[in-house]
Ligand SMILES: C[S@@+](CC[C@H](N)C(=O)[O-])C[C@H]1O[C@@H](n2cnc3c(N)ncnc32)[C@H](O)[C@@H]1O
């Protein structure tokens, strides 16, 4: 498909999805959403957006696949090593100063690299068994992958160097075994983790946390949706709980900014100070 | 009479570059006046996992401050925005920028095609696209989109480019309005600056 996708076509598509599947992509950031749709159209060789809409209308089983393709799942272990150092040296010890338990939510956990990183870090700090970790994503297929705790070997070089820059205690090899081109992580690492499907757009608040990681997820939303989601994240934090977003995201233009203080501006860690 | 296709309609400049583009781009930045009115988007191939240092290096000679935008930051006049390491930079309708971590395109993130194409969509015929030296074909498609939407396309003269693959790829897929040496690109921008300020 060579032509430009029209905004009207995108609107028609998101309306159908909303109506039929109760997922709302209307407020996803336009340019990346459009690129994702274009990719699906090319991948499945649809001739027009209308034929994609028809397929979604007639084939519910296609919808899961569609969601998997729409979402961007690119992730790394210990992405931004300096961020993980701040967690290790400052944030986690601070939480555990006042609490016996550590409740963590990975919102938009993708294939789980961020979750494994968290468990490795907590294990090395000797506090994994005091932790309760929930990892959620909108994409069922990616959650299934995350549950397996496997990472493609070709990504391990980067993951290992991130871990090294984070100054982990060992080398990353300690935690996985090679099997059929995959790094299979020790299942014992995720003993405190439960994976669930959860849509941030619907925004059901299901628990309260001391620490929420929602990194590189809201960049796929427009400002309206970011704003809405931040209300929900705020509500899901205990007072004095921490919110970490991606290193190139910012809270400052959100309604709710004044209910947080900046704990670390470089690494984008915020603390909820008001209910 | 100028030989350039100058016009007051232009609202932004997007520049792409890869291997061999650092020097000419630094040179261009060293003469663009501090108050040159249009926003400039720079998408340059860079090391994916080095967050710091690049802005600083580019800034040394630049008269304007250079800034790596945050996701959904609004676009302001006179600013120079540099696509951050490991993120694609898109221009959105409604005068903001967004970042994304979609897969590498032409082996790069940031990818020039993404910045140019989204900017072409947002600015239509009011965009100037400039593609500099580089060793792959990133940006060629983006230049094509700019042309399709009525914008102005310019490449660094392949003769002058340290590595001419990138300008040549653009030349092979679309009509390029100006093929210019670095000094001529500077001349163009200075003339445009004068024109934009005249009443
Ligand atoms: C780029 S990944 C980020 C992974 C990880 N947090 C990191 O920073 O490396 C973005 C994830 O957000 C998820 N996502 C997108 N929209 C969502 C929504 N409405 N609710 C929950 N997760 C969503 C995608 O499925 C994807 O796995």
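The values are calculated or read from the model by the stated rules, or taken from the named source; none is laboratory data. The structure presented is a predicted model; accordingly, all values stated were derived computationally and were not measured. Using ideal geometry, Cβ is built from the backbone for each residue, glycine included, and neighbour counts are taken over all protein chains shown.
Is it the case that some residue within the range A:130-146 is touching a residue at least 40 places away in the same chain (Cβ under 8 Å), assigned to a loop (DSSP other than H, G, I, E, B) and either more than 16 Å from the ligand (Cβ to nearest atom) or closer than 24 Å to residue A:239 by Cα (or both)? Let's see the steps before the verdict.
At the first step, the residues of the range A:130-146 found to be touching a residue at least 40 places away in the same chain (Cβ under 8 Å) are A:131-143, A:146.
Next cut, assigned to a loop (DSSP other than H, G, I, E, B) only: A:138-139.
Keeping just the survivors that are either more than 16 Å from the ligand (Cβ to nearest atom) or closer than 24 Å to residue A:239 by Cα (or both) gives none.
Checked against the condition, which is being touching a residue at least 40 places away in the same chain (Cβ under 8 Å), assigned to a loop (DSSP other than H, G, I, E, B) and either more than 16 Å from the ligand (Cβ to nearest atom) or closer than 24 Å to residue A:239 by Cα (or both), the range A:130-146 yields no hits at all.
Here are A:196, A:215: which of them is under 19 Å from residue B:90 (Cβ atoms) and within 12 Å of the ligand (Cβ to nearest atom)?
Numbers: A:196 fails: under 19 Å from residue B:90 (Cβ atoms).
After ruling out the rest, the residue left standing is A:215.
Does the range B:36-51 contain any residue that is within 14 Å of another protein chain (Cβ to nearest Cβ) and farther than 26 Å from residue B:137 by Cβ?
Yes; the residues of the range B:36-51 include at least one that is within 14 Å of another protein chain (Cβ to nearest Cβ) and farther than 26 Å from residue B:137 by Cβ.
If you check residue B:160 against the conditions, is it surrounded by fewer than 16 Cβ atoms within 10 Å (Cβ to Cβ), outside any helix (DSSP H, G or I) and modelled with pLDDT of 95 or more? Can you show your working first?
Values: surrounded by fewer than 16 Cβ atoms within 10 Å (Cβ to Cβ): no; outside any helix (DSSP H, G or I): yes; modelled with pLDDT of 95 or more: yes.
So residue B:160 does not fit the description; no.
Counting only residues that are farther than 18 Å from residue B:121 by Cα and either within 14 Å of chain B (Cβ to nearest Cβ) or in a helix (DSSP H, G or I) (or both), how many does the range A:6-47 have?
Keep residues of the range A:6-47 that are farther than 18 Å from residue B:121 by Cα, which gives A:12-27, A:40-47.
Those left that are additionally either within 14 Å of chain B (Cβ to nearest Cβ) or in a helix (DSSP H, G or I) (or both): A:12-21, A:27, A:40-43.
Selection size over the range A:6-47: 15.
What are the pairs with Cβ atoms under 6 angstrom where one residue, in the range A:195-219, is at positive phi and the other, located anywhere, is more than 8 Å from the ligand (Cβ to nearest atom) and not in a loop (DSSP other than H, G, I, E, B)? Sequence gap at least six, or different chains.
Final answer for the pair search is A:203/A:232.
Exactly one condition in (1) in a helix (DSSP H, G or I); (2) under 16 Å from the mean Cα position of the chain (by Cα) is false for residue B:191; which is it?
(2)
Suppose we filter the range A:163-206 for residues that are within 21 Å of residue A:131 (Cβ to Cβ) and either touching a helix residue (DSSP H, G or I) at 6+ places or on another chain (Cβ under 6 Å) or crowded, with 16+ Cβ neighbours inside 10 Å (or both); how many remain?
So the first thing to find is which residues in the range A:163-206 are within 21 Å of residue A:131 (Cβ to Cβ), and the list is A:163, A:166-170, A:172, A:174-176, A:185-196, A:198, A:205-206.
With the extra rule that they be either touching a helix residue (DSSP H, G or I) at 6+ places or on another chain (Cβ under 6 Å) or crowded, with 16+ Cβ neighbours inside 10 Å (or both), the set shrinks to A:163, A:166, A:168-169, A:172, A:175-176, A:185-186, A:189-190, A:192-193, A:195, A:198, A:205.
Final tally of qualifying residues: 16.
Among the residues of the range A:94-122 satisfying the criterion of being under 22 Å from the mean Cα position of the chain (by Cα) and more than 16 Å from the ligand (Cβ to nearest atom), which is farthest from residue A:175 (Cα to Cα)? Step through it out loud before you land on a result.
First, pick out the residues of the range A:94-122 that are under 22 Å from the mean Cα position of the chain (by Cα): A:95, A:102-122.
Then drop every residue that is not more than 16 Å from the ligand (Cβ to nearest atom), which leaves A:95, A:102-103, A:122.
Working: A:95: 26, A:102: 22, A:103: 23, A:122: 13 Å.
Out of the qualifying residues, it is A:95.
Scan the range A:55-81 for residues that are within 14 Å of another protein chain (Cβ to nearest Cβ) and either more than 13 Å from the ligand (Cβ to nearest atom) or in a helix (DSSP H, G or I) (or both) and report the count. So that I can check it myself, show each step before the final result.
To start, the set of residues in the range A:55-81 that are within 14 Å of another protein chain (Cβ to nearest Cβ) comprises A:68-81.
Still in the list and also either more than 13 Å from the ligand (Cβ to nearest atom) or in a helix (DSSP H, G or I) (or both): A:68-70, A:81.
Result for the range A:55-81: 4.
More than 10 Å from the ligand (Cβ to nearest atom), surrounded by 21 or more Cβ atoms within 10 Å (Cβ to Cβ), away from chain B (no Cβ under 14 Å) and within 30 Å of residue B:50 (Cα to Cα): is that true of residue A:125 in this structure?
Numbers: more than 10 Å from the ligand (Cβ to nearest atom): yes; surrounded by 21 or more Cβ atoms within 10 Å (Cβ to Cβ): no; away from chain B (no Cβ under 14 Å): yes; within 30 Å of residue B:50 (Cα to Cα): yes.
Here the answer is no, as residue A:125 does not meet what is asked.
Which of the strands (runs of 3 or more DSSP E) contained wholly in the range B:69-148 include at least 1 residues that are facing chain A (nearest Cβ under 8 Å)?
Details: elements: B:80-82, B:88-92, B:96-100, B:127-131.
So the answer is B:88-92, B:96-100.
Just to be sure, is residue B:61 part of a loop (DSSP other than H, G, I, E, B), within 14 Å of another protein chain (Cβ to nearest Cβ), surrounded by fewer than 15 Cβ atoms within 10 Å (Cβ to Cβ) and in contact (Cβ under 8 Å) with a residue 24 or more places away in the chain?
Details: part of a loop (DSSP other than H, G, I, E, B): yes; within 14 Å of another protein chain (Cβ to nearest Cβ): no; surrounded by fewer than 15 Cβ atoms within 10 Å (Cβ to Cβ): yes; in contact (Cβ under 8 Å) with a residue 24 or more places away in the chain: yes.
The answer is no for residue B:61.
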